[in-house]
1. Can you give the FRET efficiency for residue 260 and residue 48, using 1/(1 + (r/R0)^6), R0 = 41 Å, r = Cβ-Cβ distance, to the nearest 0.05?
2. Run the helix sum for the chain: -39,500 (n - 2.57) per DSSP H stretch of 4+ residues, divided by residue count, reported at 222 nm to the nearest 500 deg cm²/dmol.
3. In percent, how large is the relative contact order of the chain, given Cα pairs closer than 8 Å and 6 or more residues apart?
4. Under 17 Å from a point 7 Å along the Cα-to-Cβ line of residue 6: which residues of segment 24-40 have their amide N that close?
5. Evaluate the distance, in nm, between pseudo-label points positioned 7 Å from the Cα of residue 136 and of residue 63 along their respective Cα→Cβ axes.
6. Quick check: Cα centre of segment 213-228 to Cα centre of segment 158-184, how many Å?
7. For residue 40 paired with residue 221, estimate the spin-label separation in nm (one decimal), with each label point 7 Å from Cα along the Cα-to-Cβ line.
8. Assuming R0 = 41 Å, can you tell me the calculated FRET efficiency for the pair residue 144 and residue 169, based on Cβ-Cβ distance, to the nearest 0.05?
């Protein structure tokens, strides 16, 4: 019988071991073997039918929580400025990478591998679960959490690969050279890569949400955009909402949380 702790621990491991800058390790390769996949199917069916995972496909919760780690403070730039800075840097990095990086995708070159601009505001729908479900976690032990309400903000639910591919087709930004080596190592695909141009998309949507189910189905998998181009969701986290415009102001008192000394459970301090 699967318990809530079993499920949370397994999900935490899956997120913690997401790595888009290196080749699959031995466990990854073994898990792809048809015999292993077949043996795991009954567990997967039990997991998906459990009431404990009923909220996994849910859209962004009307109540969100903005998290500041270990007393960290955001850069202070407006979100629009962060997106403009990201778009300019991404295009410049692509131009530079075309001449500076080796053509062979198997070479050891590396650079930015994530799919969302660093520093843009993000919120989670469930606490304290959302504290652990963070890719490339830096081992934070304290969190200040502020409640916000989605209200009438335009939040796009990324439910399928086609949802992501449609963003890439409508507003593409070429990252073929700058992402080539990292994404080749993790997917084995050598070809043209694109990302959604988040600065352009901010004119249509306020935020993007990836549910737990969508994250497990899509993150790290090659997403075809058209006959030549593909994309990758990397550096996201399950049940996380990334904001392309300014998020709502907190509508309640901040909460202080701390992880216990053994690096285990989170407890609310005040």
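1. Values: r = 31 Å, r/R0 = 0.75.
Efficiency, rounded to the nearest 0.05: 0.85.
2. Details: 9 runs with 94 residues, N = 270.
Calculated mean residue ellipticity at 222 nm is -10500 deg cm²/dmol.
3. Values: 460 pairs, mean separation 74.3, N = 270.
28 percent.
4. 39-40
5. That separation, rounded to one decimal, is 3.2 nm.
6. 9 Å
7. 1.3 nm
8. Efficiency, rounded to the nearest 0.05: 0.60.
Bear in mind these aren't lab numbers, they're just calculated from the coordinates by the rules spelled out. Here the structure is a predicted model, which is why all the values come from computation and not from measurement. Backbone-built Cβ (ideal geometry, glycine too); neighbour counts: all protein chains shown.
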